[in-house]
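Bear in mind that the values in this text are calculations on the coordinates, not laboratory data. Note that this is a predicted model, so its numbers are computed, not measured. Heads up, the Cβs are rebuilt from the backbone with ideal geometry, glycines too, and the neighbour counts pull from every protein chain shown.
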Amino acid sequence: MTDPLSFLDGSVTGAEIRARDWSGTPLGPPSGWPPALRNTLALMLACPRAMFLAWGPDLLCFYNDAYRPILGYRLETALGRPFRAVWASIWPDIEPLVAATLSGESRTLTDLMLDLSRAGQPERSWWSFTYSPVRDDAGAINGLLCVTAETTAQVEGAARLRESEDHFRHTVELNPQVPWTCDPAGNITSYSSRWLTLTGQAPGEPLGTGWSKALHPDDLVPTQAVFAASLASGEPVDVDYRIRIAATDTHRWMRARAWPRRDGRGTIVRWYGVVEDIHDRKLAEAALREANATLERRVADALAQRKLWADVFETTDALVGALDTAYRVLAVNRAYADAFARLYGVRPRVGDDLLALLADRPEHRAAVRAIWERALSGEAFSRVETFGDPERERSSYELKFTPLRDAEGRRIGAFQYAQDVTARLRDQEQLARTEEALRQSQKMEAVGQLTGGLAHDFNNLLAGITGSLELMQTRIGQGRLKDVDRYMAAAQGAAQRAAALTHRLLAFSRRQTLDPRATDVNRLVAGMEELIRRTVGPAVRIETDPDPDLWPALVDPHQLENALLNLCLNARDAMPEGGRITIVTANRRLDEAAARAGDVPAGDAIPPGAYLSLCVADTGTGMSPEVVARAFDPFFTTKPTGQGTGLGLSMIYGFARQSGGQVRIASTPGRGTRVCLYLPRHDGPAEAAAAVAGPGAAPRAERGETVLVVDDEPTVRMLVTEVLEDLGYTAIEAGDSAAGLRVLHSDVRVDLLVTDVGLPGGMNGRQMADAGRARRPALKVLFITGYADTA
């Protein structure tokens, strides 16, 4: 007989419902419960989401296992009690929801803050609820069903994120400096609102080159020249200029500095900079130059200049002093004398021998003599020293030394001006730490992206190879040899794809081995046209526009074919509804400006000269500027998982750069993309297309012929040895260069040396072969390698 309460089995709450005595409740025993109640309970108890049911006029409470933790201390008494009694602490909050639901409305609330007091103590938490009416067997509303989820972690996380962002925004905006960023072409992309406050420019106006409108007209051209030089060379920007201050309608001196951020290839992707107010320092330096000039003219009569000295230098906290060539004090201001006294315990005065004052401090005397010796020799220089008040966190001074001359131009001493730069150095150190952290983060991001892509693709390929080999072994053991060929073909296919992936990586890193030939690119495109048509399918129309006078190019034709096919496949994927691909060839002469035009970083610009271009244009979806900026990154792809490795464009980029050319992308979202390869012109005729010869039959060994096989990879060594033995050769194996050289230095017959290029044992394959041929001059050598950097 079927158990009518079987829906209660399989859950903790269901067991409690079955075990409870319901005869004293309005519902009565479960065996008499209406089908609507049973069906709703069965649905709720089987659901993994937290749910509760309030049934009947008293809204008696039921729930599933996922809801039990939410009840907290209420769990022991909640089952079968009126819903209002269970949640009495929050009933004022949820009563409107209950009333609306019982009237037939479904309600959803997101991130509602409630005090659940699950542990008996007030507890702030946030929840999302979906309340739905539940009907009885007659179709009338007889309760409500609630699906709930706690969102406390998400709400508090979002609040912490907002707090962090607000903290960062206030940190930037309250910085007395003006942080800013620009793209590789020098267009401003972000700035602190402090720039708007200073200059009075409108929001958005400084973007691009609009910031330069705030510069003093006399400083515009010199500033632009400094920026252009840094953008071209990649060296940091450091330039002083004046800007108009809106509040006072005056100009103040500013110092702009910027450092480039580079990607994993060394390409500049963004510049980060600050602008700081140096107006007071400029005025002080101007006053110093003026005072120094005055001092140089009048130092011969120092006593007559005491009033001038007091007027100019006793009102500054800079340390100012002058010595003659015998280390006697010509002049010293109060700040210099105070600092000297704190450091060395003695106060210098005009006429004192400075070195004699330090006679009992030999280590300090040597340091003071060394620095003044440079200055008194006539050298003008600056340096930063840390000294001063020991109670300060840090006291750093920039010391500037200039020679002193009399009216006839004779050198009579040296002048020192020391200015406190503690705050400036602290800001520079903080900026340097921030930049280093940013560079490290970017480096780890690039390494993670590259290794993650490699691991994903190679693990998939290795799974195909090892899985096929295991199935081959199993079928051979079962005697089912007819399946072996299929698994062998699968393993070989995966291995070939792994080799192709390695080839693409080498192409991206510009390390692949190329076979450049004088190539007629028009003929190559014409020969590929039918293959491209079949590959992209009938929905895409192929058009070609060849330049009839196209120059030859010195490139590897097979790699160029691969690049062209990859570009056409990318174009096809960008046109899911069909469209048009246009392949255009042309001769181009690029001057200095054209060679650096487009989104090409300074480090990757091609030299001016004669180039031929091969362009593939489509009418597809196009790319945003952000996608274009990352298009050549390895393993970057906008295609779904499993529909591309992200190495196609990076391979094309590496091939073009290794061939002495460049790749450029022009794209507009919704209007299509145009990718152009620029290849250097070859001064000479193109080679005729060579027929591809098939492999000939391998010759059998003559009697006693012996081959020495040297490779540190046992599997490769085994395969080569078995092939040689199948052809009748005697094979000798060696695992490293030292073992191979012992065989070559013995009297054993060796007709051919087959060796890997990269070997352990102290020397590589080429060095071992050279050493062996010193003893066996007629020795024939065949080099084999997966990849050799210096091949």
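Summary of computed values
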read-out	value
Mean Cβ neighbour count within 10 Å, used as a protection proxy, ranking 375-382, 777-784, 327-334 highest first	327-334, 375-382, 777-784
³J(HN,Hα) computed for each position of region 179-193 - Karplus, 6.51 cos²θ - 1.76 cosθ + 1.60, integer Hz, glycine/proline x	x, 7, 9, 9, 7, x, 8, x, 7, 5, 10, 7, 6, 6, 5
Local electrostatic count at Gly351 - Lys and Arg +1, Asp and Glu -1, tallied over other residues with Cβ under 12 Å	-1
Total formal charge among the other residues, if their Cβ is under 15 angstrom from that of Arg242, Lys/Arg +1 and Asp/Glu -1	-2
Note, ³J(HN,Hα) from phi for region 282-293, Karplus 6.51, -1.76, 1.60, rounded to Hz, x at Gly and Pro	4, 5, 5, 5, 5, 5, 5, 4, 5, 5, 5, 4
Point-charge dipole on Cβ atoms (K/R +1, D/E -1) for region 330-378, about Cα centre, debye to 20	120
Simple Cβ-charge dipole of region 201-280, Lys/Arg +1 and Asp/Glu -1, about Cα centre, in debye nearest 20	360
Per-peptide average of other Cβ atoms within 10 Å, ordering 21-30, 125-134, 663-672 highest first	125-134, 663-672, 21-30
Residues with amide H under 5 Å from that of Val540, placed H, sequence gap 5 or more	Gly579
Built amide H within the under 5 Å cut-off of Leu779, gap 5+	none
Sorted peptide list for 713-725, 250-262, 552-564, criterion being average Cβ within 10 angstrom, highest first	552-564, 250-262, 713-725
Estimated dipole of region 125-276 in Debye, rounded to 20 [Cβ of Lys and Arg +1, of Asp and Glu -1, Cα centre]	440
Nonlocal amide H pairs with Ala50, under 5 Å, H built at 1.01 Å	Thr148
